[in-house]
Amino acid sequence: MDNAKRREEQLPYHYDDPSIMDGQLEYQEKLWEFNQTHPTDQTGKQRLLKEMFAEIGDGCHVETPAHANWGFHHVHMGKGIYCNVNFTCVDDAAITIGDWCMFGPNVVIATAGHPVLPVLREHHYVYAIPVTIGRNVWVGANVTILPGVTIGDNCVIGAGSVVTHDIPANSVAYGAPCKVARPIGEKDKEFYFKNRKLDVWD
């Protein structure tokens, strides 16, 4: 089985095979251009985002610098998404992000990994498994999301977490490894942070 087919079937493949690298440098060139844009050139940034991403909805904002193996070419974004500085996607496989998500600084979403067996790393084997993030998810600063993970709608992922497994919808989760701490519920209608009361319902 050739490397392109192995990659498509989420099997380990040789990452230095030229046949599966087609276009990567051009995509990275577009990302480089994006990272050089002037902070006030919002029109230019929006144009480049539309060119860089596999798809991206209206009202998305990605701070510079941003980083991606394939220049976000395999990233599918909904609308109204905010990504703080150093948003990083190891986008060897597809990354899908729902509407209204927010990402703190230094978030890493990694679809790629390497086999544990040392001899396979010597022979440049890698695997890539898609990541899916639902709608209206808040991902805190310095979070790492690993290959194959799905995060459900409306979740909050606490700062510094390492997400190794799926997180169900409507959960507050944190830690390394990331675990569900509690569901989102009635308390969250009353308090926005610790004992600080919400007043937006008045």
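The values are calculated or read from the model by the stated rules, or taken from the named source; none is laboratory data. Worth saying up front: this structure is predicted, and the values here are computed from it rather than measured. FYI the Cβ positions are ideal-geometry reconstructions off the backbone, even for glycines, and counts take in every protein chain you see. The area values use the complete protein model at the heavy-atom level, side chains included, leaving out ligands, DNA and RNA. Shrake-Rupley method; radii C 1.70, N 1.55, O 1.52, S 1.80 Å.
Computed values, structure above
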item: Residue in region 18-29 that is out of contact with any helix residue (DSSP H, G or I) (no Cβ under 8 Å at 6 or more places or on another chain), at pLDDT below 80 and part of a helix (DSSP H, G or I) present; result: yes
item: Filter result for Leu49 (assigned to a loop (DSSP other than H, G, I, E, B) and at negative phi); result: no
item: Long-range neighbours under 7 Å by Cβ, at least six apart or interchain, first residue at positive phi within region 111-140, second of a type in the set (Ser, Thr, Tyr) and at pLDDT below 95; result: His124/Tyr15
item: Entirely in region 71-133, the strands (runs of 3 or more DSSP E) that have 3 or more residues that are at pLDDT 95 or above and among the hydrophobic types (A, V, I, L, M, F, W, C); result: 87-90, 108-110
item: Residues satisfying the stated conditions in region 157-170, i.e. surrounded by fewer than 19 Cβ atoms within 10 Å (Cβ to Cβ) and assigned to a strand (DSSP E or B); result: Val162
item: Any pair with Cβ under 8 angstrom, 6 or more apart, that starts in region 43-67 at a residue that is without any contact (Cβ under 8 Å) to a residue 60 or more places away in the chain and surrounded by 15 or more Cβ atoms within 10 Å (Cβ to Cβ) and ends at one that is part of a helix (DSSP H, G or I) and among the aliphatic types (A, V, I, L, M); result: Met52/Leu31; Ile56/Leu49; Cys60/Leu49; Val62/Leu49; Ala66/Leu31; His67/Leu31
item: Options Phe103, Phe72: the member that is free of Cβ contacts under 8 Å to residues at least 60 places away in the same chain, on the phi < 0 side of the Ramachandran plot and open to solvent by less than 30 Å² (accessible area, probe 1.4 Å); result: Phe103
item: Pairs with Cβ under 7 Å, 6+ apart, first in region 178-193 and under 16 Å from Gly140 (Cα atoms) and assigned to a strand (DSSP E or B), second open to solvent by 50 Å² or more (accessible area, probe 1.4 Å) and among the aromatic types (Phe, Trp, Tyr); result: Ala181/Tyr174
